[in-house]
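Working notes, structure below.
The values are calculated or read from the model by the stated rules, or taken from the named source; none is laboratory data. Everything numeric in this text was worked out from a predicted model, so none of it was measured. Virtual Cβ from ideal backbone geometry, glycine too; neighbours counted across all protein chains shown.
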Amino acid sequence: MTRDDLQRLRALDIDLSALGLEQRELTPYFCTPVGAEPVGDIGCDGVHFVLLPEDERVFCVDPAMGEEGTYVLPVGENLREFLSFVLYCRDANPISQLWWMDEPRFRDLLREDAEASWPGCEEFFAKKGAALAAVAAEFDLAPEDPYAKVKAMQAAFDSSVLQFSAEYYDVLGLDPPEGMELPPHTPGPEHTVTFKVEIRSGEDKQ
């Protein structure tokens, strides 16, 4: 089961941040679904992966580049499938960007990440390699190309099943579900949400 596998993943003696799955306490963004359980954080633009109540799927939450209907999208039918995608991409970051990429752009991103180099990168790549090997061994996984599977999964996903807090509807100016009250406030600059949007690559983690 996905949640048992998540505990096994967290118990591994590896640096999960080297895979774009940094482990830290979840601080919900306005678009983080209610009841979300953290899987990992890529460490850029607020992008994080979560599990939702009574659901085996892994979801990506992207508060910076998302929009209504795409802030939260599935990226794996279960944790093991998601991890097989991470093994293929050698990082969770490319998986988080699949929803807006066509296949050539996705392949270009993987190639750019594979060719990335900077002073001192050897230590980082050594940690990444050790983490990938440990995940593959622990779950007996082989790398699996995520492109077609994730695209199909996201195309079929009905975002109306997601449950959001009142903040989500308040920030986006949407009518909340019946019975939900939005927080009182006076519109102004302090209620404007802005993000710095960047094209994410493996080197961004440094």
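Taking residues in region 154-169 that are under 16 Å from ASP55 (Cα atoms), and partners anywhere that are part of a helix (DSSP H, G or I), the pairs with Cβ atoms closer than 8 Å and at least 6 places apart or on different chains are GLN154/LEU98; GLN154/TRP99.
Every test in (1) of a type outside the set (A, V, I, L, M); (2) under 22 Å from ASP13 (Cβ atoms); (3) assigned to a helix (DSSP H, G or I); (4) touching a helix residue (DSSP H, G or I) at 6+ places or on another chain (Cβ under 7 Å) is passed by LYS151 save one, and that test is (2).
When the criteria are applied in full, LYS127 fails the requirement of being touching a helix residue (DSSP H, G or I) at 6+ places or on another chain (Cβ under 7 Å), within 25 Å of VAL72 (Cβ to Cβ) and basic (Lys, Arg).
So that you can scan it fast, the table gives a plain yes or no per residue for (1) free of Cβ contacts under 8 Å to residues at least 12 places away in the same chain; (2) assigned to a loop (DSSP other than H, G, I, E, B); (3) more than 30 Å from GLU115 (Cβ to Cβ):
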position: VAL39; (1), (2), (3): no, no, no
position: GLY69; (1), (2), (3): no, yes, yes
position: PRO74; (1), (2), (3): no, no, no
position: TYR88; (1), (2), (3): no, no, no
position: ASP91; (1), (2), (3): no, yes, no
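The rows are residues; the columns are (1) within 16 Å of PHE164 (Cα to Cα); (2) hydroxyl-bearing (Ser, Thr, Tyr).
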| site | (1), (2) |
| --- | --- |
| LEU21 | no, no |
| TYR29 | yes, yes |
| PRO33 | yes, no |
| PRO38 | yes, no |
| ASP45 | no, no |
| GLU56 | no, no |
| PHE59 | yes, no |
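Selection over region 29-40 of residues that are under 13 Å from the mean Cα position of the chain (by Cα) and surrounded by fewer than 19 Cβ atoms within 10 Å (Cβ to Cβ) gives a count of 1.
Yes/no matrix, rows are residues, columns are (1) under 27 Å from PHE125 (Cβ atoms); (2) surrounded by fewer than 19 Cβ atoms within 10 Å (Cβ to Cβ); (3) β-branched (Val, Ile, Thr):
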| site | (1), (2), (3) |
| --- | --- |
| GLY20 | yes, no, no |
| THR27 | no, yes, yes |
| ILE42 | yes, no, yes |
| PHE49 | yes, no, no |
| PRO53 | no, yes, no |
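Among the residues of region 154-165, those identified as part of a helix (DSSP H, G or I) and at pLDDT 95 or above are GLN154, ALA155, ALA156. Taking region 54-94 as the range and being more than 24 Å from VAL135 (Cα to Cα) and either out of contact with any Lys or Arg (no Cβ under 9 Å at 6 or more places or on another chain) or not small (Gly, Ala, Ser) (or both) as the test, the residues that pass are GLU54, ASP62, PRO63, MET65, GLY66, GLU67, GLU68, GLY69, THR70, TYR71, VAL72.
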